[in-house]
Each structure stands twice: as C-alpha cells, then as structure tokens.
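Take a look at the structure set out below.
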Ligand code: MLT
C-alpha cells in the first residue's frame, strides 16, 4: 500500500513515540515516572462529570449535534469570554465548538493555506502547527525564539518575502513548551504585523488559566482591531482536567470562524452534545476547582524548581503552564539527555529538539504527576547525573 507523499513529510508524533518507549520500559518492569505529555493527573471536577451524566441520560443528546456547536455551549463560551477577558463575542458568528483545540489547530491550514504558501510557526513550538501546515502542502517557516527574548518570536526577523507569502501565523501564550508568556505589547506588534502582511493570527490560548503568582494571561482579542486578523483557540483539557473529553472552541474573526466551520462540517459531525453540556457546566461553574488545581501545580512547580536548581540546573520558575523548560547539562543534547534520563532514572521528559531546532539544549518537564513522584523524579535525576553520558543502564528494570 502506498501512502500519499505528504505523509512522508511528517515525523512520528512525538508523544505517541514517547508513550511507546514508556510502555516498553514498563513492560520490562521499570517503574517509569512520566513527565512527558501534559496530561493532568488531577480529576475532572465533579460538577462537570455530573453534568455529563445528566445530559447523557437525555435522548435529545443522542442525535447529531449542531455542526457549529450547541447554542448553549456557544453562549457559555461568549459569556465566559466577556467575564474573563472583557471581550464581546457574537455566539452565532464568532464562536465555534471544537473536538479539542488540537483538532481546530490542525484543520486551520486546510482552510487558509494553498500549496506553497508559508505558515509562520514559532521555533520551538507545539509540533502540530508545523505538521498541519505540511498536511495542507504549505511551508512552515520557523520564527526563532530565544531565552534572551523571553521566548517570544522576533517578528522583525521575518524576511519580507516570507511575510508576503505567509497566510497564517501560529502564536501560543502562555507557551508550550517554553512556558514563556507574552505581554499585550507583543500582541499589539503581532496584530500590526498581521495587518501589514494580510496574515491570520492563530492564537492557541490553551494555557490561559494555568497561571501563578497572580498573573492573568491575556487574550489576543483584547487588543483593538485584533478581531480583524485573529482567531483564538481554547481547550477545556487543561483548565478543567478534561484531556480525554476532547472539547475546545475557536473564537474571533467571523470569516475565519465560518470558513473553519465550513471545512469541519465536511469532516466531523461535532462533539457529543452531552460533552458540550458538560462544557457548559465547566464554563459557567465555580472557579474554585480550577483554582485548587492551579495551587497544586504551583506547589509542584516550586518543589521541582528548587530541587532541580539544588542539583545544578539553571531552570526558570514559570509564571504559567505546568511545564518547566530545563537547560540540559553540558555534554548532552536534548535527545541524548532524554535517553539518559529514561535509561538511568526511568524518567520520561520531552526533548527540546522535538519542538524544532530552536528547542535544542532544553528538555520539557511536565508537572502532571503527584507531588511525591515529582520529588522522586528529582532524586532519580540527581542519581542519573552521576552516571557517565551515553552508557545505557543494565536492562534489569531494578526501579
Ligand atoms: C502536550 O503535552 O504538549 C500536549 O498535551 C500533547 C498533545 O496535545 O498531544
């Protein structure tokens, strides 16, 4: 069987690959601590689960849902936006339900990119942006980010001939994998850039609610004129610990929302209406469950940062996301250090190079395991540092 040529352009999905390696180690009896994928270990709040159960008992939810999302879900999204960001949205034209934000991110290039068009992706960045551009036969253009610039891309460094050919620009703040944050000043620059070059900003705001020390991440749509050039995607996955439920939304520019909906109605038939009812309960429900989950991640952040600094890592304490972006020790690259931690510590992290060349020199640590496992992971990493680089451990699975 021959797969399409475009399939050869995309690498294996990093998290599926890590999962495979984790399962192989586990099968050998190794007690693996997975600080790889950002999949919260904390449960979905009860009132959301109860809403699903109630809705699933209502036969009205058993038929196809409306393509664009239920009216109640879209209204709940619009009301949440008004409360959280002070941004007014028309639920009929500016809100679209998604089967998780990843689904929307992956489909957007199909809607806006012709073969040979360019797509600006931050480097490092969430791998789906570049892969989705390739699937639409566009050309991802990596816009470099650096620690010195606070992990926001230098738009001034995008050559004019690239900007002219670009149709989309993916942004993501709070950022995955670097945990960098962006100020409204950066978004103002991005909006101006998008207007000058006629580019649609796709802002992935998945981590907007996972923030610490009083920080409240903004929406790009708060910027004057942003709705002319931006669509923003959210996920309920991280805010409400609902990764398995597959529910998110896209909001903003009505033309972009309509175009994405037009594609989606030819591909999927919407998310189960009962899951959307649970989404309404999440968006309209108490904020305390999210606050208490964020407090747990903050505690883990503090413990992991202190522990890693104590063993020599120059790691920044992020003010958002549940990720640490950790420089690898001298003598390793990111893939080598990831392999070393797997072999000698039974700890899974993600190699920075998996997020683009700009991620080299770092690994991402996800704080989505219980506190005691975070402590244990730091202890194991300390022991692994005393093992010489490059020598695999005995395959005995002693841990
Ligand atoms: C992450 O850990 O970056 C994401 O949760 C992975 C994914 O969406 O597949």
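Values in this text are rule-based calculations from the coordinates and carry no lab data. Note that this is a predicted model, so its numbers are computed, not measured. Neighbour counts are summed over all protein chains in view; Cβ atoms, including those assigned to glycine, are modelled from backbone coordinates with ideal geometry.
The table below gives the values:
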read-out	value
Angle in degrees between helix 101-112 and the longest Cα principal axis of the chain, rounded to the nearest 10	60
Column: log10 I(q)/I(0), Debye, Cα scatterers of the stretch 82-190, q = 0.21, 0.22 Å⁻¹	-1.24, -1.28
Calculated log₁₀ intensity ratio I(q)/I(0) where the Debye formula runs over C-alpha points of the stretch 46-284, q = 0.14, 0.16, 0.17 Å⁻¹	-0.86, -1.12, -1.26
Computed P(r) (all Cα pairs; the stretch 235-379; 5 Å bins; percent)	2, 8, 14, 16, 14, 12, 12, 10, 8, 3, 0
Over the stretch 308-386: Kirkwood hydrodynamic radius from C-alpha pairwise inverse distances, Å	12.7
Percentage relative contact order, the stretch 265-360, counting C-alpha pairs under 8 Å, at least six apart	13
Segments 328-339, 54-65 sorted - mean Cβ within 10 Å per residue, highest first	328-339, 54-65
Relative contact order of the chain, defined on C-alpha pairs under 8 angstrom at six or more residues apart (%)	24
Rounded to 10°, Cα long-axis angle of helix 14-27 versus longest principal axis of the chain	40
Protection proxy ranking, peptides 283-296, 68-81, average beta carbon neighbours within 10 Å, highest first	68-81, 283-296
Percentage relative contact order, the stretch 46-284, counting C-alpha pairs under 8 Å, at least six apart	30
Calculated P(r) of the stretch 153-305 - Cα pairs past 18 Å, %	64
Tensor-based shape of the stretch 252-336 (alpha-carbon gyration tensor, a/c under 1.5 rounded, otherwise prolate or oblate)	oblate
Whole-Å distance, taken between Cα centres, linking the stretch 310-357 and the stretch 58-98	38
Taking all pairs of distinct alpha-carbon atoms in the chain, Kirkwood radius in angstrom	21.9
Helix 288-310 axis, angle to the chain major axis (alpha carbon atoms, nearest 10°)	30
Whole-number D in µm²/s for the stretch 1-43 (Stokes-Einstein; Kirkwood sum over Cα pairs; 20 °C, 1.002 mPa s)	167
Spin-label model distance (nm) - residue 162 vs residue 54, 7 Å beyond Cα toward Cβ	5.1
Dimensions (Å) - the stretch 19-129, Cα atoms, principal axes, largest first	52, 47, 32
